[in-house]
1. Which of the residues that make up the stretch B:204-218 are basic (Lys, Arg) and free of Cβ contacts under 8 Å to residues at least 40 places away in the same chain?
2. Does A:LEU80 satisfy being facing chain B (nearest Cβ under 10 Å), surrounded by 16 or more Cβ atoms within 10 Å (Cβ to Cβ) and modelled with pLDDT of 75 or more?
3. What number goes with the only condition from (1) more than 30 Å from A:VAL35 (Cα to Cα); (2) modelled with pLDDT under 80 that A:GLY141 does not pass?
Amino acid sequence: MSVRGVFKLGVIPVFLLLSSIALGLGWIGPCMTLVPGFGVLDGWVRLFVPDEFTTPKTYSIFTGIVALWDENHRGLAALLAGFSIAFPAIKLAVMGYGHAAVVAGKQTGTAWWLAHHAGKFSMLDVLVVAVLVIAVKGMPGNSEVVVGWGLWSFAISVGLSMLAAIAIAWVEHRVDHPMLSGERVTPLPQTPPA
Amino acid sequence: MASPAKHVTPGAAADSTSGSALPWLWGLTLLLIVGGSAIGGYAWLENTAGPDGTVSASSTPDAVPLEPQTLRIGRDYYVQVKLAELRETRADDDPWDWWDESAPDVYYVMKWQDVRVFESVVRKDDFVARWDLLGADVRDVVTGVVTGSAAEMDIESLINAQAIHVEDGTTITIEIWESDRLDDQLVATLPIKLADQREGTTRFRFTDEEQPELARLDLTIIDCATPLPELLEMVGQR
């Protein structure tokens, strides 16, 4: 099978499909659970402090953004929504377009180029949770952040979309070559040894 | 160099036709898959777990529902008098504390197998005496916090109730007493067959003929295996 055939029927559409499914699940799956700890006073605090302060709280990316919005951290909520919900979805759509365009023998266009190069920022959510995990570990009282499968799903989605973008770019740059296009060509004559 | 569209590969014509006809269709399809995954995943989480993605407590086998249910033979239960309401005067119409004309000082004693197993604190000057299921001596708390030993105090020691092993025929006796400086006075004696009782709080109301000095009594029975969060929820239902 030619490179174009592999490109069309092979890994890139699978990457994009899996990335889409993982992104949807990553939005709503449990992303992190904040487990409050109160050190030596743990038992007493849990007895006398209202549940809302002592029970572990689990957030998905979506509910986390909603919580930030409700707590009036609207700039941060908008930033995370932009880079975690809007941008990855638009990026996948643009990559789908880019994939179809390359299959059709066209250029991917500016939108695809922007999506590909700005894709690194899609890991913003993963970075935020990573910082939280480290920050909370440093707090007294044994509080901790437990990472949920939603975050991994989101990270896998971003990773797969980046792989797909790299593959599309790679093929786009090389598809003009007759050897890669699948067209039968005459081999270049061998240079006689000196 | 030839442009990619001009390459002659099997299926390339079809690729070109389908790809150029609806270049955004593939992108739109991916968006729909993203949305479908999110909606499907949310519905799945809602059906299998709580809204935060955690498994609900009611799915654990030992979880006890808050609805009353008949006590199960062979299990341990916390038994506690939650409330005792005394009548305005004694049976002979004398005041409770005649020397200072105050309301009665009430406490209760629980007997099991003919021995005293629990005695409550005294509620002073109260016709409607109440006892909380959980309680702690403030001095112990302060001392524990200062010395750092507070974390060593277990929940069991804070429960103001007696654990009773319920078998068919297990009977306890609740005695309501009025604390007196000179001599405590017995207000009422109530034998209670536990196998006939239900979990939760049961209210007993008495006529003058049944109990001349006790108007009502609330008895709380809780499975000793109740998870702490539900126990605290019950405590909150005062």
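1. Once the filter is applied, which keeps residues that are basic (Lys, Arg) and free of Cβ contacts under 8 Å to residues at least 40 places away in the same chain, the stretch B:204-218 yields only B:ARG205.
2. no
3. The number of the failed condition is (1).
The values are calculated or read from the model by the stated rules, or taken from the named source; none is laboratory data. This is a predicted model, so every value here is computed, not measured. Cβ coordinates were reconstructed from backbone atoms using ideal geometry, including for glycine residues, and neighbour counts include every protein chain displayed.
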